[in-house]
1. In whole Hz, what ³J(HN,Hα) sequence does segment 35-40 give by Karplus (6.51, -1.76, 1.60; θ = phi - 60°), x for Gly and Pro?
2. For segment 83-151, just list the percent of Cα-Cα distances falling in each 5 Å bin from zero outward, please.
3. Tell me the net charge near Gln119. Cut-off is 12 Å between Cβ atoms, Gln119 excluded, with +1 for each Lys or Arg and -1 for each Asp or Glu.
4. Give me the 1.4 Å probe accessible area per residue for the chain, excluding ligands and nucleic acids, in Å².
5. Between Ala141, Ala84, Ala47, where does the largest GNM mean-square fluctuation fall for the chain, given springs only between Cα atoms within less than 10 Å?
6. Just to be sure I understand the model, the point goes 7 Å from the Cα along the line to the Cβ. What's the resulting Ala58 to Glu113 distance in nm?
7. Roughly how many percent of the accessible protein surface of the chain is carbon and sulfur, given a 1.4 Å probe and a whole-percent answer?
8. Relative contact order, percent, of segment 1-152 when contacts are C-alpha pairs under 8 Å separated by at least 6 residues?
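The values are calculated or read from the model by the stated rules, or taken from the named source; none is laboratory data. Here the structure is a predicted model, which is why all the values come from computation and not from measurement. Here Cβ is always computed from backbone atoms with ideal geometry, including for glycine, and neighbour counts include all displayed protein chains. Calculation scope for accessible area: heavy atoms of the full protein, side chains included, ligands and nucleic acids excluded. Shrake-Rupley method; radii C 1.70, N 1.55, O 1.52, S 1.80 Å.
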Amino acid sequence: MLTDYVASRTRQLEPNLSVLEAEDLRIPRSAVRDTSTWTQQTRTLDALPEYLETFKQAGEDLRSTTEQMGTPHTLVVAVSGMRAAELTRALRQFQSKEVMVAKLFAKHMKLAETREFCQRRRISVGVGTPQRLRDLIDEGALRINGLRRVVVDASYIGQKRRGILELKDTHRPLLELLGMAKLRERFGKDSGQIQLLFY
């Protein structure tokens, strides 16, 4: 249902796409993790840490990560820099002196500054906007070899009464991020799998 909804939004927001172009932007069904067992009635900011704990891999410690700099186990994709800052604060319990929950968006930091930050810090959870996350992955500053999940903050509705899947400014960058070959080739695989979760 989620992949069909995203595809329908793509058709509405970009009616001039060819069938082939639209198919290239389509999220593979095998990538999406079924989270229908989540018992919370609403997907609020405060409930996000529990959500991640519920759907982590067996034995995984979300407060830890690889020794390699800039290698998160989780990426959270937000509609805006302001929302990314809120999500980062909500996820601080997965941070320690050695490992960061990192704000990765363009509002206050230039790309070069964010790149340097990623190269100097161990990151458990990276939170950012689709374009900034994609840029950091493209440049190799944000490494995805330890990535286990991408969480799309889809339940948040902003002042314009739209979320990340409904706004043209974020919809296409999100699909381009999720369509990156580095990510796509690991969606739905048994070994080294990256799971896609919609919160």
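1. 10, 5, 7, 4, 8, 5
2. That works out to 3, 17, 30, 29, 17, 3, in percent per bin.
3. Numbers: positive: Arg115, Arg120, Arg121, Arg122, Arg143; negative: Glu113, Glu116, Glu139.
Counting the neighbours of Gln119, the net charge comes to +2.
4. Details: 10270 Å² over 199 residues.
Result: 52 Å² of accessible area for each residue.
5. Ala47
6. Going from the Ala58 label point to the Glu113 one covers 4.5 nm.
7. Numbers: 4820 of 10270 Å².
Exposed carbon and sulfur together represent 47 percent of the surface.
8. On the way: 213 pairs, mean separation 39.8, N = 152.
The value is 26 percent.
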